[in-house]
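Note sheet for the following structure.
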Amino acid sequence: MADTAEVGPGPLAGVVVADFSRVLAGPYCTMLLADMGATVIKVEGPGGDDTRQWLPPERDGVSTYYLSANRNKQSIVLDLKEPRDLQTAHELLDVADVFVENFKPGGLEKFGLDAASVARRWPQVVHASITGFGTEGGRTMPGYDLLAQAVSGFMSVTGDPDGAPQRAGVAMFDVITGLHCAVGILGALRERERSGQGQHLELDLLSSALSGLVNQTSGYVAAGNVPRRLGNDHPSLYPYGPFPAADRDLVICVGNDRQFLKLVGVLGLAELGEDPRFATMAGRNTNRDELRPLLVEALATSSADHWFEALQAVGVPCSPILGIDEGVEFAASLGLAPVAQAGEGDDAVPTVRHPVTYSRTPATYAKRPPTLGEDQESVLEWLRRRRAE
């Protein structure tokens with residue numbers, strides 16, 4: 001294992017992250033930090049991260065769920081119930097800048113790794129704790145993303161108006177919490193440059209969900225509005241969603257009156273742009289039931305590909321509805337290079353690239369997601385060298 005001073009040119013080169021998290025929110029956060037050059041030591045119990053067993057799908061017998069959030073990390077196995085392993089955990093905190101964990105509230109106290117103990121013994125460390133529902137009334141609730149989708153109100157606004165509430169097709173609040181955690185850590189590291197002190201960051205899935213619901217929660221908090229399921233419609237914009245063409249659906253997103261004029265012009269319905277029922281966004285929202293059949297009738301005269309090209313040409317936001325496979329290929333066709341090879345040679349693993357493009361300090365993909373404990377000896381030797389300095 002290279003010393004932290006030798007890590008690549010990323011913006012977080014030299015930052016050491018002790019990653020005691022598992023599953024998705026924490027690992028996704030620490031992977032982003034690792035992509036930016038931080039040295040991330042992934043500490044796993046003897047059974048390993050739960051997601052190692054979450055398959056199919058798999059690649060060479062390894063869960064792709066695990067692969068999605070663990071590149072660029074060093075893996076060691078520590079059983080915190082064993083005195084020697086607990087000592088190693090403490091030694092890791094001695095050299096760490098950041099400590100990320102998602103243990104149940106109170107679960108780390110017996111190991112001297114709770115917030116109060118960390119602040120006392122390692123005051124320089126930025127300590128990020130991720131829970132499902134906080135440390136007060138929700139401390140006993142398991143931190144599953146689907147539970148957060150349910151209680152946040154997300155499922156109540158997802159699905160057809162007359163159908164059942166629906167979950168998202170991905171653990172979206174785990175991902176949002178991971179993003180919030182990464183942002184919080186960067187802010188705390190910046191503040192530490194001024195004060196020389198770390199601090200404790202608390203994140204939970206529910207708070208991240210309520211923040212991530214943005215206009216929906218704001219509508220209730222600021223105006224008392226309780227949103228309802230609208231299927232694929234938007235509560236404040238119309239037309240904004242999928243519409244059937246002659247062969248398949250096409251997503252059309254009209255965000256202002258100018259775009260509506262362009263849309264109806266292409267569809268041969270220019271008169272609708274002057275119709276007082278539809279000329280303004282407020283009018284279109286109120287009269288969407290009258291407007292929709294007129295748009296559908298016009299769209300039915302040609303294919304989705306035809307309308308996509310015609311609407312794109314005049315600047316009306318629209319897109320086909322693609323599968324995940326097609327979405328990756330579409331991103332590639334736009335020059336976005338969505339796939340990055342983590343690791344080198346035959347051991348490299350294709351992963352979805354870091355979402356930020358840096359002009360001077362690009363994200364790196366030096367190491368494939370590690371097997372359980374594969375870096376045990378090199379990390380322990382690195383810690384011995386650090387203690388001797």
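We did not get these values from a lab; they are worked out from the coordinates using the rules stated. Here the structure is a predicted model, which is why all the values come from computation and not from measurement. Here the Cβ is made from the backbone with ideal geometry for all residues, glycine too, and neighbour counts use every protein chain on show.
Evaluate E = 1/(1 + (r/R0)^6) for THR280 and GLN53, where r is the Cβ-Cβ distance and R0 equals 45 Å; express this FRET efficiency to the nearest 0.05. All intermediate terms of the calculation are to be shown ahead of the outcome.
Values: r = 54 Å, r/R0 = 1.21.
Computed FRET efficiency for THR280 and GLN53 comes out at 0.25.
Which FRET efficiency value, to the nearest 0.05, do you get for GLN312 and ARG84 by plugging their Cβ-Cβ distance into 1/(1 + (r/R0)^6) with R0 = 56 Å?
On the way: r = 63 Å, r/R0 = 1.12.
Between GLN312 and ARG84 the formula returns 0.35.
Return the unpartnered cysteines for the chain, using a Cβ-Cβ cut-off of under 4.7 Å.
CYS253, CYS318 - these cysteines have no disulfide-compatible partner (Cβ-Cβ under 4.7 Å) in the chain.
For the chain, what's the radius of gyration and Dmax over Cα atoms, in angstrom?
When restricted to the Cα atoms of the chain, Rg and Dmax are 24.9, 80 Å.
Please get the size of the charge dipole for the chain, origin at its Cα centre, with Cβ charges of +1 on Lys and Arg and -1 on Asp and Glu, quoted in debye to the nearest 20. If you can, show how the numbers build up before the last one.
Values: 34 positive and 50 negative charges, 196 e Å.
For this selection, approximately 940 debye.
Please go through the stretch 26-93 and write out the trypsin sites (Lys or Arg not before Pro) that DSSP classes as loop and that have at most 11 other C-beta atoms within 10 Å.
Values: sites: LYS42, ARG52, ARG59, ARG71, LYS73, LYS81, ARG84; in loops: ARG71, LYS81.
In loop regions of the stretch 26-93 (DSSP not H, G, I, E or B), the sparsely surrounded trypsin sites (Lys or Arg not before Pro) are LYS81.
Over the stretch 240-331, what number does the Rg to Rh ratio reach, with both radii from the alpha-carbon atoms and Rh per Kirkwood?
On the way: Rg = 13.2 Å, Rh = 13.5 Å.
Reported Rg/Rh, Kirkwood definition of Rh: 0.98.
Quick query: amide H of GLU58 versus all other amide H atoms, modeled in the peptide plane; which residues come in under 5 Å with a sequence gap of 5 or more or a different chain?
Correct list: THR64.
List nothing, just return the count: lysine pairs in the chain, 8 or more apart or interchain, with Cα separation under 23 Å. Please list the in-between numbers first.
Values: LYS42/LYS73; LYS42/LYS81; LYS42/LYS104; LYS42/LYS110; LYS42/LYS367; LYS73/LYS367; LYS81/LYS104; LYS81/LYS110.
Counting lysine pairs in the chain gives 8.
Once each part is reduced to its C-alpha centroid, what is the distance from the stretch 112-175 to the stretch 343-389 in angstrom?
Between the Cα centre of the stretch 112-175 and that of the stretch 343-389, the gap is 27 Å.
At 7 Å along Cα-to-Cβ for each site, give me the label-to-label distance between SER117 and ASP162 in nm.
5.8
Spin-label point model (7 Å from Cα, Cβ direction): what's the THR135 to ASP249 distance in nm?
4.4
For a footprinting-style exposure proxy, rank ASP233, ASP289, ASP247 by other Cβ within 10 Å, fewest first.
Details: ASP233 17, ASP289 7, ASP247 12.
Fewest-to-most ranking of ASP233, ASP289, ASP247: ASP289, ASP247, ASP233.
Collect residues whose amide H, placed 1.01 Å from N in the peptide plane, falls under 5 Å from the amide H of PHE99; neighbours closer than 5 in sequence don't count.
Correct list: ALA18, VAL126, HIS127, ALA128.
Name the residues whose placed amide hydrogens come within less than 5 Å of the amide hydrogen of ASP204, ignoring near sequence neighbours (fewer than 5 apart) on the same chain.
Those qualifying (amide H under 5 Å, at least 5 residues apart or on another chain) are THR131.
Where a ≥ b ≥ c are the square roots of the eigenvalues of the C-alpha gyration tensor, would you call the stretch 70-132 rounded, which needs a/c under 1.5, or, failing that, prolate if a/b is larger than b/c, or oblate?
Values: a/c = 1.17, a/b = 1.09, b/c = 1.08.
In terms of gyration-tensor shape, rounded.
With both partners inside the chain, how many of the DSSP beta bridges are antiparallel, as a percent to the nearest 5? Each step should come with its number before you reach the end.
Values: 14 of 36 bridges.
Around 40 percent of the beta bridges assigned by DSSP in the chain are antiparallel ones.
Between ASN256 and SER319, what is the label-to-label distance in nm when each label sits 7 Å out along the Cα-to-Cβ direction?
2.1
Considering the dipole of the stretch 240-331 built from charges on the beta carbon (Lys and Arg +1, Asp and Glu -1) around the Cα centre, which of ASN287, LEU263, GLY241 is farthest to its positive end?
Working it through, the farthest residue towards the positive pole turns out to be ASN287.
Which of ALA363, LEU299, GLY273 sits farthest toward the positive end of the charge dipole of the chain, with +1 on the Cβ of Lys and Arg and -1 on the Cβ of Asp and Glu?
With unit charges placed on the Cβ atoms, the residue in question is ALA363.
Would you please classify the overall shape of the stretch 153-211 from the alpha carbon gyration tensor, given that a ≥ b ≥ c denote the square roots of the eigenvalues, rounded means a/c under 1.5, and beyond that prolate means a/b larger than b/c while oblate covers the rest?
In terms of gyration-tensor shape, prolate.
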